[in-house]
2 protein chains.
Amino acid sequence: MKLATLKNNTRDGQLVVVNHDLSLAIAIPDVAHTLQFALDHWEECKPKLEQYAHDLNSGKIKNDLPFKNQNMASPLPRAYQWADGSAYVNHVELVRQARGAELPDNFWHDPLLYQGGSDTFLGPYDAIPLVDEAWGLDFEAEIAVITTDVSMGITPEKASEKICLFMLVNDISLRNLIPNELAKGFGFFQSKPSSAFSPVAITPDEFIQAWDGKKINLPLTTYYNKQLFGTPNAGVDMTFDFPTLIAHAAKTRKLNAGTIIGSGTISNYDKSKGSSCIAEKRMLEMITKGKAETPFMKAGDHVRIEMFDHEKKSLFGAIDQEVKQYAHAL
Amino acid sequence: MKLATLKNNTRDGQLVVVNHDLSLAIAIPDVAHTLQFALDHWEECKPKLEQYAHDLNSGKIKNDLPFKNQNMASPLPRAYQWADGSAYVNHVELVRQARGAELPDNFWHDPLLYQGGSDTFLGPYDAIPLVDEAWGLDFEAEIAVITTDVSMGITPEKASEKICLFMLVNDISLRNLIPNELAKGFGFFQSKPSSAFSPVAITPDEFIQAWDGKKINLPLTTYYNKQLFGTPNAGVDMTFDFPTLIAHAAKTRKLNAGTIIGSGTISNYDKSKGSSCIAEKRMLEMITKGKAETPFMKAGDHVRIEMFDHEKKSLFGAIDQEVKQYAHAL
């Protein structure tokens, strides 16, 4: 099943069911107006949504709408919990190296997860606001899961069952604000502005074989300014799988339905696969060429993030964002 | 105006208007079922809520209910944004000293703010779950504001106008999990479990003179196991005021209506005023007695946090929580 949120000038948008090939959608107000409502009542809503999805895919429903990525908000336009991991420790090692920081040994066995801000997500086709080029604007291509309610102290084995939906993420970062914030010891805040998510969120069965209960074994494709930037495989070199990240997040608290847990930037040791963010590319340039050559993003730059199944069909639609200069309101 | 959220077995509870002396409440379903809805539509809802508050306080409304702190959830049982400052830098200095970390000079001019988790707040009378005494369970008595929508890059001058409500907070901390998390560089996560807020949220006019547009000039009272623990004045030694904290939070993102911004633990240089958390008391013991004597919280320990106006009336009701051993579900 594929779900999306149509922009309708409300804060939470309109939940729609989308067909497999992302061409048709249907609103289902008799089941749920918003995705958060459906997640809050997942046991009751899920079978009804699945019935609509089945009828939409089989052609039984006639009052459908054309589905357009551009008209979608993020599946959850705002959420109560967004925790982003750094599960590809290979990437963390490179980024740390780039900012002259050492990687402690426990990063290989103690999951890294930061508390993200979740009140104002960007839509998948929304412009990325640029205030100051000197802040070092960067994209990060990731995968995220949405959970149902998770009890405190859950085991990774049980956490896998709490995953109800998957999305792609552009975890936008302001690289040059990070060193000062991390030096203060309280983690990211200004350096992690609003993230954007894929036009659709999908249930595990949509992956057929590619979801193994722990990882998604497919490449994540990033184009930067229309050039292929990276296709690392999300199932390769993931040090901490999704159930492990969820269990880590729920160690001292329960998690509310609609919790989003991110993988962190997808990164493979095999550098022929490219990268999922500029910071990693700059680091590799420093190693191979002695200096970073790829600048961070400026107005007009464009990033497109997408995942294709084994038949080359887009699973989530695309995150497709251009950077636009932001003018402060007077 | 005073607003509260009655527990009613839903995730967001039932919004009620409460009278000045916290004895009566009335549900107002014709205006808003939940506080988040009222905040999402604040311009329309505020005058209607104020009319109800006026009629309740003047005795015009007869179908009211007795108000009981114990039946309340936190005013926002879950929120989209909870960012907690450390505005009393005096406190930060002491806590850093206690964990052997230095205080960088920029802490005195660059606000410290961490991204909190906001999906599952505790109610003001809910038990604090204790999983492992070795984690170092502590309370922190604070004040928080709730904002309407805040645009990116707002100035502190304009940020003051975005404050619509105030609450008290118990920002529960797991002190012994902090050093490892901060060493990883990504800030707090497991070391900051669910916070609890006061039974009522109040508008600025409820303070009469005590709110000066930047700070609240009243003591915050904490009782620990029925003994007075601290009465530091929230208007004294606050290095970064609320408008400054909001502007800091909104530097690289807009903030959604219902954003909660906390002051951090209230702390005065005048130590005759006591403390607002155990960690600070332990630090002072180390300085004066050579070792920390007050243990962190264990099952059965009890904390009560309250603020009184100049007539000794409780402004927010009390946060009143007992620690209870948590048993993991099998």
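Once C-alpha pairs closer than 8 Å and six or more residues apart are averaged by separation and normalised to the residue number of chain B, the relative contact order reads 23 percent. Each listed q (0.19, 0.31 Å⁻¹) maps to a log10 I(q)/I(0) for the stretch B:173-229, found by the Debye formula over equal Cα scatterers with no solvent: -0.90, -1.17. Per residue of peptide B:106-119, the mean number of Cβ atoms on other chains within 10 Å of the residue Cβ is 6.
Counts of other chain beta carbons within 10 angstrom of each beta carbon in peptide A:249-258 average 6.
Can you pull the semi-axes for the stretch B:1-118, root of five times each eigenvalue of the Cα gyration tensor, sorted largest first, whole Å?
Working from the Cα gyration tensor, I get semi-axes of 38, 15, 14 Å.
Within 13 Å, Cβ to Cβ, of B:Ala247, how many net charges do the neighbouring residues add up to if Lys/Arg are +1 and Asp/Glu are -1? Overall, the nearby charge balance is +2.
For the Cα atoms of chain A, what angle does the longest principal axis make with the long axis of helix A:89-98, in degrees from 0 to 90, nearest 10? That helix lies at roughly 40 degrees to the long axis.
For the set B:Lys291, B:Lys215, solvent exposure ranked by accessible area (probe 1.4 Å, protein chains only) runs largest to smallest as B:Lys291, B:Lys215.
Need one number: buried accessible surface between chains A and B, 1.4 Å probe, both sides summed, DNA, RNA and ligands left out, in Å² to 100. Provide the component values of the computation, followed by the final result.
Details: alone 15190 and 15170 Å², together 24920 Å².
Buried area between the two chains comes out at roughly 5400 Å².
When chain B is treated as a GNM with alpha-carbon contacts under 10 Å, the residue of B:Pro219, B:Pro66, B:Pro193 showing the greatest mean-square fluctuation is B:Pro66. Computed packing ranks the peptides A:312-321, A:196-205 as A:196-205, A:312-321, most packed first, by mean other Cβ atoms within 10 Å. Taking 7 Å steps out from each Cα toward its Cβ at A:Lys291 and B:Ala327 produces label points 6.7 nm apart.
All Cα-Cα distances of the protein assembly as shown, cut into 10 Å bins from zero to the largest, leave 3, 16, 27, 27, 18, 8, 2, 0 percent in each bin in turn. The residues of the stretch B:254-312 have, on average, 43 Å² of accessible surface per residue, using a 1.4 Å probe with all protein chains present.
Taking Cα atoms only, the orientation of helix A:278-289 departs from the longest principal axis of chain A by about 40 degrees. What the Cα atoms of the stretch B:109-196 give is an Rg and a Dmax of 15.4, 44 Å.
What number, in percent, do you get for the relative contact order of the stretch A:79-211 if the mean sequence gap of Cα pairs under 8 Å and at least 6 apart is divided by its residue count? With pairs under 8 Å counted, the relative contact order is 25 percent. Starting from the label point of A:His41 at 7 Å along Cα→Cβ, the same points in the other copies fall at 1.9 nm, in ascending order. Closest approach to the axis carrying B onto A, counted by Cβ on chain B and given in whole Å with its residue, is B:Gly187, 1.
Among B:Pro29, B:Ala73, B:His310, whose Cα sits farthest toward the positive end of the charge dipole of chain B (+1 at Cβ of Lys/Arg, -1 at Cβ of Asp/Glu, about the Cα centre)? Most positive-ward Cα: B:Ala73. Note that the stretch A:218-260 shows a convex hull volume over its alpha carbon atoms of 111 Å³ per residue. Between the label point of A:Pro179 and that of the same position in each other copy, find the distances and list them shortest first in nm, with every label point placed 7 Å from Cα along the Cα-to-C-beta direction. Counterpart label points of A:Pro179 in the remaining copies fall at 2.8 nm. Is the stretch A:166-205 best put as rounded, prolate or oblate by its Cα gyration tensor, with a ≥ b ≥ c the root eigenvalues, rounded for a/c under 1.5, and otherwise prolate when a/b is larger than b/c, oblate when not? In terms of gyration-tensor shape, prolate.
Taking a ≥ b ≥ c as the square roots of the eigenvalues of the Cα gyration tensor, the stretch A:245-317 is classed as prolate, since a/c reaches at least 1.5 and a/b is larger than b/c.
Note on A:Lys158/A:Glu43: beta-carbon distance plugged into 1/(1 + (r/R0)^6) with R0 of 22 Å gives a FRET efficiency of 0.85. For B:Asp320, the shell of other residues with beta-carbons less than 9 Å away shows a net charge of -1, using +1 for Lys and Arg and -1 for Asp and Glu.
Taking all protein chains together and rolling a 1.4 Å probe, B:Leu15 ends up with roughly 0 Å² accessible.
When Cβ neighbours within 10 Å are restricted to other protein chains, what is their mean count per residue of peptide B:177-186?
6
Straight-line cross-link partners of A:Lys214 among the lysines, defined as a Cα under 16 Å from its Cα and at least 8 positions apart when in the same chain: A:Lys158, A:Lys162. Please list log₁₀ I(q)/I(0) at q = 0.11, 0.13, 0.15 Å⁻¹ for chain A, using the Debye equation with identical point scatterers on the alpha-carbon positions. Computed log10 I(q)/I(0) values: -0.67, -0.94, -1.27.
Under the classification rounded if a/c is under 1.5, otherwise prolate if a/b is larger than b/c and oblate if not, where does the stretch A:170-303 fall, given a ≥ b ≥ c as square roots of the Cα gyration tensor eigenvalues? Oblate is the answer for the stretch A:170-303, as a/c is 1.5 or above yet b/c matches or exceeds a/b. Each helix, a run of at least 4 DSSP H residues, gives -39500 (n - 2.57); summed and divided by the residues of the protein assembly as shown, these come to -5500 deg cm²/dmol at 222 nm.
Charge tally around B:His302: other residues with Cβ under 10 Å, Lys/Arg +1 each, Asp/Glu -1 each, net -1. When B:Ile287 is represented by a point 7 angstrom out along its Cα-to-C-beta vector, the spacings to that point in the other copies are 4.7 nm, nearest first.
In percent, rounded to a whole number, the relative contact order of the stretch A:1-157 is 21, using alpha-carbon pairs under 8 Å and six or more apart. Rg and Dmax, both from the Cα atoms of the stretch B:42-173 and both in Å, are 19.0, 59. For the stretch A:252-264, the Karplus equation 6.51 cos²θ - 1.76 cosθ + 1.60, evaluated at θ = phi - 60°, returns couplings of 10, 7, 7, 10, 7, 3, x, 5, 9, 10, x, 7, x Hz by residue, with Gly and Pro reported as x.
Can you compute the FRET efficiency between B:Leu284 and A:Ala101 using 1/(1 + (r/R0)^6), with r the Cβ-Cβ distance and R0 = 30 Å? Round to the nearest 0.05. Computed FRET efficiency for B:Leu284 and A:Ala101 comes out at 0.35.
The values are calculated or read from the model by the stated rules, or taken from the named source; none is laboratory data. Note that the structure is a prediction, hence the values are computed from the model and not measured. Here Cβ is always computed from backbone atoms with ideal geometry, including for glycine, and neighbour counts include all displayed protein chains. Remember, those area values only see protein heavy atoms, side chains included, never the ligands or the DNA or RNA. Shrake-Rupley method; radii C 1.70, N 1.55, O 1.52, S 1.80 Å.
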